[in-house]
Amino acid sequence: MKGIGGFGLGAAQALYFMSCYAFGRIHVNLQLVIGINGWLPDWRNLEYNMNTAFGTAIRASKLRILLMHGTSDDVIPSAFAYRCADLLRRADFPTMFKQCGGFKH
């Protein structure tokens, strides 16, 4: 199983790599993505890119994404991470989101 993950900025990089894979820009058989206290860069263009790149929905559906975020993170609010997880789900990326009580950045 090939996966990528990160914490904070590393999570953002992992999620960006995941989106590049889904859009067919990177040719690797990615299966798992884990992001802790991160966010999805370029999240505003996700829906547009999902509709313009051939095969994106198929690649996205084969991924497994786990996002975790601390409720006490003072750098990146957990509400933003929840919004990113919701956006990924609406774009048909299988995404699990878990808030961790008291966890800081």
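The values are calculated or read from the model by the stated rules, or taken from the named source; none is laboratory data. Because the structure is a prediction, the values reported are computed rather than measured. Glycine also receives a Cβ, built like all others from the backbone with ideal geometry; neighbour counts cover every protein chain displayed.
For this structure, a couple of remarks:
- Ile4 fulfils the conditions (1) touching a residue at least 60 places away in the same chain (Cβ under 8 Å); (2) part of a strand (DSSP E or B) except for a single criterion, (1).
- Within the range 72-105, the residues that satisfy the criterion of being loosely packed, with under 15 Cβ neighbours inside 10 Å and either of a type in the set (A, V, I, L, M) or in contact with a Pro (Cβ under 9 Å, 6 or more places away or on another chain) (or both) are Val75, Ala79, Met96.
- Count of residues meeting criterion [within 19 Å of Tyr21 (Cβ to Cβ) and acidic (Asp, Glu)] in the range 72-91: 0
- Across the range 22-44, not a single residue is classified as on the phi < 0 side of the Ramachandran plot and among the acidic types (Asp, Glu).
- Count - residues of the range 12-33 that are free of Cβ contacts under 8 Å to residues at least 40 places away in the same chain and touching a Lys or Arg at 6+ places or on another chain (Cβ under 6 Å): 4
Yes/no per residue for (1) farther than 26 Å from Cys100 by Cα; (2) at pLDDT below 90; (3) not basic (Lys, Arg):
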position: Gly24; (1), (2), (3): yes, no, yes
position: Leu32; (1), (2), (3): no, no, yes
position: Gly35; (1), (2), (3): no, no, yes
position: Gly38; (1), (2), (3): no, yes, yes
position: Pro41; (1), (2), (3): no, yes, yes
position: Arg44; (1), (2), (3): no, yes, no
position: Tyr48; (1), (2), (3): yes, yes, yes
position: Phe54; (1), (2), (3): yes, yes, yes
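- Restricting the search to helices (runs of 4 or more DSSP H) fully inside the range 29-105 and requiring at least 3 residues that are within 20 Å of Gly5 (Cβ to Cβ), within 15 Å of the chain's Cα centre (by Cα) and hydrophobic (A, V, I, L, M, F, W, C) gives 78-90.
- Every pair of residues 6+ apart whose Cβ atoms lie under 9 Å, when the first sits in the range 34-57 and is of a type outside the set (Lys, Arg) while the second is part of a loop (DSSP other than H, G, I, E, B) and at pLDDT below 80: Ile36/Phe103; Asn37/Phe103; Asn37/Lys104; Asn37/His105; Asn49/Asp42
- Taken together, the criteria place Gly24 among residues that are among the small types (Gly, Ala, Ser), more than 15 Å from Leu87 (Cβ to Cβ) and in a loop (DSSP other than H, G, I, E, B).
- When His69 is tested against the conditions (1) over 16 Å from Phe17 (Cα atoms); (2) at pLDDT below 90; (3) surrounded by 15 or more Cβ atoms within 10 Å (Cβ to Cβ), the lone failure is (2).
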